[in-house]
Structure formats: structure tokens, C-alpha cells
Amino acid sequence: MGRKLYVGNLPFSATKEDITAKFATCGTVESAKLITDRDTGRSKGFGFVEMSSDSEAQAAIDKLMRPKTVAVVGASSQPGKIGYTVLENLIKGGYKGKIYPINPTATEILGLNVVPSVSDLSESVDLASLTPSAAYDLNWSDATAANNILQVQSTRPTPGVLQRRLIAFG
């Protein structure tokens, strides 16, 4: 495996500094490059990160593709809701890592203790999964206090405004 990693699905507002900071949690980043449109200078939403060693590159891949901790923002206790289904699939699918359901009003969902807000998390989280309603209702000022979240995924495509919020968040 090489030290140079392709990084895709980035918000157009992502900067070289943003991706460098995220990958630096896995080791030394030797270089980071965002691919831009030659006419407009605008990011094309992908780039490359070169880590200082193969083992650090592998650590970055592992952290991104095999998260040890997942926060489900907008977790729900109601079957049929996306926030319930995401939790249920993690549990039934045999996910071995720590799951943090995030919901401001619940105390327990599917046997898991609920955390009221992203800013109340007691440890860093490798992946935050946002349900559609949570993506719009999340208190982004609270979320920025927890910028130790490596990546964010949404359960539906996000409009540009939300993408700008996600890069500030994660």
C-alpha cells in the first residue's frame, strides 16, 4: 500500500488545512492537495493526502473505514424512523465499537444510554451519522466544540448550506 491517499466527497468549502488537520489525528501529513477547477479555482470536492509512512496511511484508512466510535445524531426510539433504523442496523449488524445515540429528550434507545448533545460526548468520535432532521436541527455552535469528530455522513444528500456547516462541524 502507498502513503498517498485519495480523499473524496469533500464539501466544496473544504480547505487544505481542513483535510490536513483531520488526517493529522492519524499521523504526520507530508502533503495535502485539493483538486480545483483551473478556470474558477473552486474545489472539485476531492484531493490527495500523503502520510509520512505506510503504517500511518493504513491507520488513517482504518479510522475512516472501520470507525471505533459512532455517534448517531438524531437517534430515535420510534421504529420506522431513520434514527431508529441506523441504530438497529449497527446493533444487529454486529458493530463492535462504541455507539453513542444523540437525542436531547431520550435517556435510552435500544438498550443504549443516550447522550443529549454532541458537545456532551465524553470521548472523540470517529464517525457521526446525521439523520435528516438532526442535520437541520443540530445546534452547530455546540457541535463545533466537539471538532474531534473525524468524519460526518448524512442519511440523505445534503444541500450546499448544510455541507458548509458539516465542514465547520467535523
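The values are calculated or read from the model by the stated rules, or taken from the named source; none is laboratory data. Nothing here was measured: the structure is a model prediction, and the numbers come from that model. Quick reminder, even Gly has a Cβ in these numbers, built from the backbone with ideal geometry, and neighbours come from all protein chains shown.
At-a-glance table
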| read-out | value |
| --- | --- |
| Whichever residue in region 107-131 is surrounded by fewer than 18 Cβ atoms within 10 Å (Cβ to Cβ) and of a type in the set (G, A, S) and, among such residues, is nearest to C26 (Cα to Cα) | S124 |
| Hey, T69 surrounded by 13 or more Cβ atoms within 10 Å (Cβ to Cβ) and either of a type in the set (D, E) or in contact with a Gly (Cβ under 8 Å, 6 or more places away or on another chain) (or both) or not | yes |
| Selected residue (only one of G93, G97 is in contact (Cβ under 8 Å) with a residue 12 or more places away in the chain and either surrounded by fewer than 16 Cβ atoms within 10 Å (Cβ to Cβ) or touching a Gly at 6+ places or on another chain (Cβ under 9 Å) (or both)) | G97 |
| Odd one out for G45 among (1) at pLDDT below 90; (2) over 28 Å from S122 (Cα atoms); (3) not in a strand (DSSP E or B) | (3) |
